[in-house]
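The values are calculated or read from the model by the stated rules, or taken from the named source; none is laboratory data. Here the structure is a predicted model, which is why all the values come from computation and not from measurement. All Cβ positions, glycine included, derive from the backbone under ideal geometry; neighbour counts span all protein chains shown.
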């Protein structure tokens with residue numbers, strides 16, 4: 001059976017056994033990983049896995065269920081039990097399938113280029129060669145005597161998913177993704193063993209960075225961590241590099257959802273139309289980005305995907321509104337979940353922004369910490385480098401930044417021209433002024 | 001029902017799959033069958049109006065060649081699918097086939113650390129619903145400032161069966177339940193949110209009136225105090241950790257670093273430190289699989305090995321790493337029963353279970369009174385560590401400033417960062433009031449989540465960096 005047939009069968013079982021409406025999503029994916037460490041193979045893993053999810057609307061009640069057991073008898077029993085589960089709880093007038101009008105106007109899935117037609121050409125010897133090349137390149141960087149270990153990994157996945165709603169939606173998509181990366185651990189004379197990594201990923205195998213570049217970058221990052229110190233506490237200018245900056249913008253997106261608004265857990269409630277950030281911040285949710293990791297022609301509820309302007313010149317324009325919480329709030333649905341972000345980029349990259357800043361701190365990674373979506377208070381562990389005279393100075397670690405989100409984003413002083421290509425948030429270098437740093 | 005029936009497999013099918021797994025000369029292979037039924041009920045805006053359920057059934061096939069791993073898994077428990085999976089995993093080795101076991105012996109020596117009156121898949125939703133509705137009413141009644149209440153009850157019934165190429169076969173039924181209450185309160189236009197949760201390998205009887213009362217009291221009190229709370233100062237301060245969930249300090253500062261895979265690879269800051277003094281003589285840290293009904297407890301690990309109490313630190317000396325089968329063979333020691341995995345989709349790794357510090361010689365009052373200016377940390381949400389550099393963090397939801405030996409004002413939302421070995425050296429007072437936290441902690445590593453517990457007596461750390469504001 002095709003996935004679409006499985007999804008239709010499951011939706012049919014649901015309505016036959018008492019659901020008024022149902023949505024069924026079936027998926028299958030192949031995952032392959034090769035891990036390599038210190039000159040030899042560490043692990044190979046390969047599997048094809050599958051599953052089925054059902055949203056059931058039964059007598060005004062709602063249950064969402066999933067199973068990996070697709071044997072026909074087991075599936076039918078599971079649907080019957082799930083309908084009974086829904087019947088046991090309270091009705092909820094806001095639960096129903098989306099208005100079918102929202103399914104209309106879907107972009108051409110093929111034009112998004114989410115699946116590499118050459119996926120099957122990537123074989124075990126190729127993965128192994130790449131894993132080895134990553135390590136060789138990492139070990140060629142000067143300072144090899146300090147290297148304790150190099151681990152590399154090469155993985156790929158091919159996924160296929162079908163979604164069927166009993167009120168007229170049908171969707172099917174296929175996607176691929178390829179990843180490889182290296183991690184190096186080096187010996188600090190004081191006993192610490194700092195580690196750093198680098199990775200590349202793409203929906204198309206041919207668009208990956210060369211393993212030599214990735215291995216070298218991992219090694220340079222690891223060697224640069226030697227002798228890290230804890231700097232002084234104070235207010236500083238923070239330059240956050242693209243790979244790390246996703247952590248900051250990610251903390252804005254949760255509070256932008258209708259669920260957070262309706263549950264009063266959003267510091268952005270009531271701020272639509274107002275400035276929440278410096279005029280430099282322009283954010284668009286962009287599901288139609290070609291080859292994007294978050295790209296899609298329809299979202300999890302079957303809504304046709306289209307770009308949404310979230311923040312324009314620092315002013316909050318729109319929230320992420322799914323159908324359920326949209327009904328509760330009386331807001332028209334947009335989409336419930338972020339896809340890709342696109343930014344209004346600046347003119348300079350990380351190093352030029354470091355030079356402009358003169359004195360401050362470059363953040364290359366966050367460690368732990370949290371951001372309170374209700375109040376906007378945040379406190380995050382950081383590592384990176386001191387910036388002196390416009391250049392990177394000593395590595396710093398065991399430090400922390402804190403503040404509140406609205407103040408932080410109003411102090412956004414520059415946006416780089418260098419969006420991080422390996423994550424859906426696509427963050428460029430971000431510069432913030434007057435940020436509280438805790439150290440000695 | 002025996003495990004064989006539950007999975008629809010036979011001894012012959014297991015034997016043939018293991019034979020395929022060893023067909024290229026692997027020196028060990030195991031099969032991990034898992035059947036997991038999860039059920040969730042959620043209360044929001046006054047009604048239990050959402051139910052979630054999941055069933056997952058599958059098998060993972062692992063082949064070891066030295067410390068190299070081949071792994072495959074499938075949801076299809078037919079012979080052809082399992083053989084294909086086994087041949088994939090077998091490819092980690094490249095030599096002549098080895099023999100599969102001719103017969104299996106089932107482990108009969110396993111303890112029963114989480115006996116149940118009824119498995120969760122035998123408790124109908126109607127019996128679970130009143131729990132949620134009751135907490136909702138009591139939370140609103142407890143404080144007029146409460147505006148939103150969310151209650152979530154999760155229950156799991158999981159069966160596992162491990163069969164390996166030595167002919168050993170182990171099975172376990174692993175229940176789990178988590179109840180969480182989350183509260184949003186408003187006061188003078190300000191909002192604060194917090195909550196409390198309890199978890200255990202237990203059945204419906206876990207939810208005693210006393211425990212439910214505590215859930216409401218703690219969730220509301222921890223939220224209400226936030227209206228009085230502010231940020232602590234930024235910088236290095238003495239930190240006193242309250243008894244209980246402060247065990248997160250151990251989890252991050254030493255627990256992960258003692259997982260033997262990192263040490264075998266030389267990538268942990270604790271590599272080569274076994275037998276060395278790492279803390280004061282009154283510091284003893286264990287990782288314990290035996291606590292009755294604890295979230296982190298297991299009867300047997302996911303490789304079929306017995307799980308007991310492992311001493312990470314004994315009288316201040318680093319004693320034992322946490323081992324899975326690979327690392328135990330690498331170091332030539334017995335497995336410690338720490339080989340755990342998230343599901344059949346993942347190979348096992350050395351993981352913590354319930355990690356805590358044993359009681360010490362000091363008293364809580366004495367410890368707080370000893371601090372001129374510092375932080376008292378009570379509740380936590382999350383933490384993280386860099387294994388090699390040793391930097392670790394934990395995020396404090398509720399705490400107090402200590403001034404001149406007294407708790408003076410509440411603080412909130414602050415991350416604390418330290419360095420593992422340095423922080424252990426600086427544990428200079430340990431009280432006699434050990435508590436194992438009853439919360440639903442989950443540990444992440446290599447993309448795998450496993451349930452854990454943690455605990456601590458009241459402890460003073462002479463200095464950690466507090467991610468507060470100002471001076």
Tell me, please, whether a residue that is more than 15 Å from residue B:344 (Cβ to Cβ), assigned to a strand (DSSP E or B), more than 10 Å from chain A (Cβ to nearest Cβ) and in contact (Cβ under 8 Å) with a residue 12 or more places away in the chain can be found in segment B:81-96. no
Can you tell me which residues in segment A:122-137 are more than 14 Å from every other protein chain (Cβ to nearest Cβ) and in contact with a helix residue (DSSP H, G or I) (Cβ under 8 Å, 6 or more places away or on another chain)? A:122, A:130, A:133, A:134, A:136, A:137
Those residues of segment B:8-41 that are assigned to a strand (DSSP E or B), within 12 Å of chain A (Cβ to nearest Cβ) and either more than 23 Å from the chain's Cα centre (by Cα) or closer than 20 Å to residue B:84 by Cβ (or both) come to a total of 1
Scanning segment B:362-398 for residues that are more than 21 Å from residue B:442 (Cβ to Cβ), part of a loop (DSSP other than H, G, I, E, B) and within 13 Å of chain A (Cβ to nearest Cβ) gives B:388, B:389, B:390
May I ask you to list the residues in segment A:233-258 that are part of a strand (DSSP E or B) and either within 26 Å of residue B:236 (Cβ to Cβ) or not assigned by TED's automatic domain parsing to the domain that holds residue A:311 (or both)? A:234, A:235, A:236, A:237, A:238, A:239, A:240
If a residue must be under 27 Å from residue B:200 (Cα atoms) and either touching a helix residue (DSSP H, G or I) at 6+ places or on another chain (Cβ under 7 Å) or surrounded by fewer than 19 Cβ atoms within 10 Å (Cβ to Cβ) (or both), how many such residues does segment B:159-173 contain? 5
The residue that is surrounded by the fewest Cβ atoms within 10 Å (Cβ to Cβ), considering only those in segment B:448-465 that are under 19 Å from residue B:257 (Cβ atoms) and within 14 Å of another protein chain (Cβ to nearest Cβ), is B:448
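Could you check, for segment B:148-155, whether at least one of its residues is farther than 30 Å from residue B:60 by Cβ and outside any strand (DSSP E or B)?
Scanning segment B:148-155, I find no residue that is farther than 30 Å from residue B:60 by Cβ and outside any strand (DSSP E or B), so the answer is no.
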Here the residues within segment B:97-114 that are at pLDDT below 95 and either within 10 Å of another protein chain (Cβ to nearest Cβ) or surrounded by 12 or more Cβ atoms within 10 Å (Cβ to Cβ) (or both) are B:97, B:98, B:100, B:101, B:104, B:106, B:107
Unmet requirement for residue B:406, which otherwise passes all of (1) more than 9 Å from chain A (Cβ to nearest Cβ); (2) surrounded by fewer than 24 Cβ atoms within 10 Å (Cβ to Cβ); (3) within 23 Å of the chain's Cα centre (by Cα): (3)
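Here is a list: B:275, B:266, B:257. Which entry is under 22 Å from residue A:382 (Cβ atoms) and either in contact with a strand residue (DSSP E or B) (Cβ under 8 Å, 6 or more places away or on another chain) or away from chain A (no Cβ under 14 Å) (or both)?
Every option except B:257 fails the conditions.
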Of all residues in segment A:102-111, which are at pLDDT 95 or above, in contact with a strand residue (DSSP E or B) (Cβ under 9 Å, 6 or more places away or on another chain) and outside any loop (DSSP other than H, G, I, E, B)? A:102, A:103
Sort out which residues of segment B:217-241 are more than 14 Å from chain A (Cβ to nearest Cβ) and surrounded by 24 or more Cβ atoms within 10 Å (Cβ to Cβ), and write them in order of number. B:219, B:220, B:240, B:241
Tell me, please, whether a residue that is more than 7 Å from every other protein chain (Cβ to nearest Cβ), surrounded by 22 or more Cβ atoms within 10 Å (Cβ to Cβ) and in contact with a helix residue (DSSP H, G or I) (Cβ under 6 Å, 6 or more places away or on another chain) can be found in segment A:389-404. no
Anything in segment A:49-63 that is in contact with a helix residue (DSSP H, G or I) (Cβ under 9 Å, 6 or more places away or on another chain) and within 8 Å of another protein chain (Cβ to nearest Cβ)? List them, or say none. A:50, A:61, A:62, A:63
